[in-house]
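Below is one structure, written out as structure tokens; comments come after it.
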Amino acid sequence: MKKIDASDSFVGYVYEAYFALSLLLKSNENTEIALEKFDDVSLIKDEQIIVGIETKHHKDDKGKLTNSSTDFWNTLGNWSEAYFEKKLRPQDTMLMIITTQKISDSSVLTNLRPENRDTASVLKKLMKSRKK
């Protein structure tokens, strides 16, 4: 019989729960916390997502988050789907990827960090790289 090991998945869910509890402690009484509803963790107010967090836990923190990372593009896909389903308004929603990976120094994703956030530049560079 093949042994099934779900420990990595379990650690990922614990990682999500950690961020959900952290967000819950910082939120006000008029908000809801949801796990795996829209994002891994969502903060919802008046039936609109105001914070969406995708958590990505990688065993041994291997690899880097790059422009072409599956984690990044899957997350963008999830957010786009929610936008088209009118579950989020970009102007009113803070979207975050929380990962155990480091961002590659050459990645445009470095411009999404809070200290040097430049979403217009990131979008322009990603669209340019897509055309290649």
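At-a-glance table
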{"read-out": "Label-point separation, ASN78 to ILE4 (7 Å along Cα→Cβ), nm", "value": "2.2 nm"}
{"read-out": "Dipole-positive endmost among TYR83, HIS58, GLN48 within the stretch 43-94 (Cβ charges, Cα centre)", "value": "HIS58"}
{"read-out": "Theoretical ellipticity at 222 nm over the chain - DSSP helices of four or more residues, -39500 (n - 2.57) apiece, nearest 500", "value": "-12000 deg cm²/dmol"}
{"read-out": "At R0 = 30 Å, FRET efficiency that the Cβ-Cβ distance of LYS125 and ASN30 yields, to 0.05", "value": "0.20"}
{"read-out": "Percent accessible area from carbon and sulfur atoms, the stretch 1-112, protein chains only, probe 1.4 Å", "value": "53 percent"}
{"read-out": "Whole-angstrom Cα spans of the chain along principal axes, big to small", "value": "48, 41, 29"}
{"read-out": "GNM result for the chain, Cα springs below 10 Å: residue of GLU36, GLU54, GLU85 fluctuating most strongly", "value": "GLU85"}
{"read-out": "Filtered trypsin sites (Lys or Arg not before Pro), the stretch 85-131: DSSP coil and at most 13 other beta carbons within 10 Å", "value": "LYS86, ARG117, LYS131"}
{"read-out": "Cα-only Debye scattering, the stretch 63-108: base-10 log of I(q)/I(0) at q = 0.14, 0.16, 0.24 Å⁻¹", "value": "-0.40, -0.51, -0.89"}
{"read-out": "Distance between the stretch 96-127 and the stretch 32-95 - C-alpha centres, whole angstrom", "value": "15 Å"}
{"read-out": "Pairwise label distance in nanometres, ASP118 with MET94, each label 7 Å out on the Cα-Cβ vector", "value": "2.2 nm"}
{"read-out": "Solvent-accessible area per residue for the chain (1.4 angstrom probe, square angstrom)", "value": "72 Å²"}
{"read-out": "Estimated dipole of the chain in Debye, rounded to 20 [Cβ of Lys and Arg +1, of Asp and Glu -1, Cα centre]", "value": "820 debye"}
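The values are calculated or read from the model by the stated rules, or taken from the named source; none is laboratory data. All values derive from a computational prediction rather than experimental measurement. Here the Cβ is made from the backbone with ideal geometry for all residues, glycine too, and neighbour counts use every protein chain on show. Calculation scope for accessible area: heavy atoms of the full protein, side chains included, ligands and nucleic acids excluded. Shrake-Rupley method; radii C 1.70, N 1.55, O 1.52, S 1.80 Å.
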